[in-house]
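A.B. asks: Below: one structure in structure tokens.
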Amino acid sequence: MDIKIASQQKQPEQKPCQQPLTGANDMPCGLAENITMRQRHGENPKQGSPRPSSGKILVVDDSNENRDILEIFLGVYGYDVISTCNGDEAWYLFLKEKFDLVLTDICMPGLDGNALASRIKNRSKGLPIIAITGSTWLAEECFDEIMTKPVWLHALLNSITFHLNKASTRAGTEAVVR
């Protein structure tokens, strides 16, 4: 009689909507190495970068890892980042502070990304909102852009730059017209 004993490591459960922010080649460890190399060579991401390295960004994602990645990455490029884990807290922060852009997941407990974006657009039509989600089919029309997870961080940075420049140009045009 042959007896076999085998064990399987139980995989952590993920919510059906929850996706990692970055792909395998764009993970936080690579990001940290890149940041360290730049600092070692005296390179400042704010210098020599065509990106506007200022602005206050609200990051909303129920994944701690995704929020941490975005805080570190955007902080290196000079953005002031405030993050929260759900739409209800994000709405409270939006009412309390001024933001230049919002990055939000869609599938979150409580107030989801669609409802949050809709509320924000009702109050501040010109504020750019980018959805970063693994569930693009759930996205409604209230977003300025929808990015599918996993996201390349530099593609996200380019989108942020584009939307901040567009909002800045629009604000400047409105000031001249008035």
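Laboratory data are not the source of any read-out in this text; all were calculated from the coordinates shown. Because the structure is predicted, anything quoted here is derived from the model rather than measured. With ideal geometry, Cβ positions are generated from the backbone for all residues, glycine too; neighbour counts draw on all protein chains shown.
A.B. asks: Can you give the extra length, in nm with one decimal, that the chain gains between residue 92 and residue 68 once fully stretched, where that is 0.36 nm per residue apart less the Cα-Cα distance? Provide the component values of the computation, followed by the final result.
C.D. replies: Details: separation 24, 0.36 × 24 = 8.64 nm, distance 2.04 nm.
Difference between extended and current length: 6.6 nm.
A.B. asks: In segment 68-105, whose amide N lies under 13 Å from the spot 7 Å out along Cα-to-Cβ of residue 145? List them in ranges.
C.D. replies: Residues 101-104 fall inside that zone.
A.B. asks: If R₀ is 22 angstrom, what is the calculated FRET efficiency for the pair residue 80 and residue 138, using the beta carbon separation as r and rounding to 0.05? Intermediate values should be presented prior to the final figure.
C.D. replies: Details: r = 29 Å, r/R0 = 1.32.
The pair residue 80/residue 138 has a calculated efficiency of 0.15.
A.B. asks: Cα-Cα over 18 Å: which of 56/149; 56/166; 125/149; 125/166; 98/149; 96/121?
C.D. replies: On the way: 56/149 22 Å; 56/166 15 Å; 125/149 25 Å; 125/166 13 Å; 98/149 27 Å; 96/121 16 Å.
From 56/149; 56/166; 125/149; 125/166; 98/149; 96/121, over 18 Å: 56/149; 125/149; 98/149.
A.B. asks: Tell me whether segment 61-118 comes out rounded, prolate or oblate; compute the Cα gyration tensor, take square roots of the eigenvalues as a ≥ b ≥ c, and use a/c under 1.5 as the rounded threshold.
C.D. replies: On the way: a/c = 2.19, a/b = 1.34, b/c = 1.64.
Oblate shape, in that a/c is at least 1.5 and b/c is the bigger or equal ratio.
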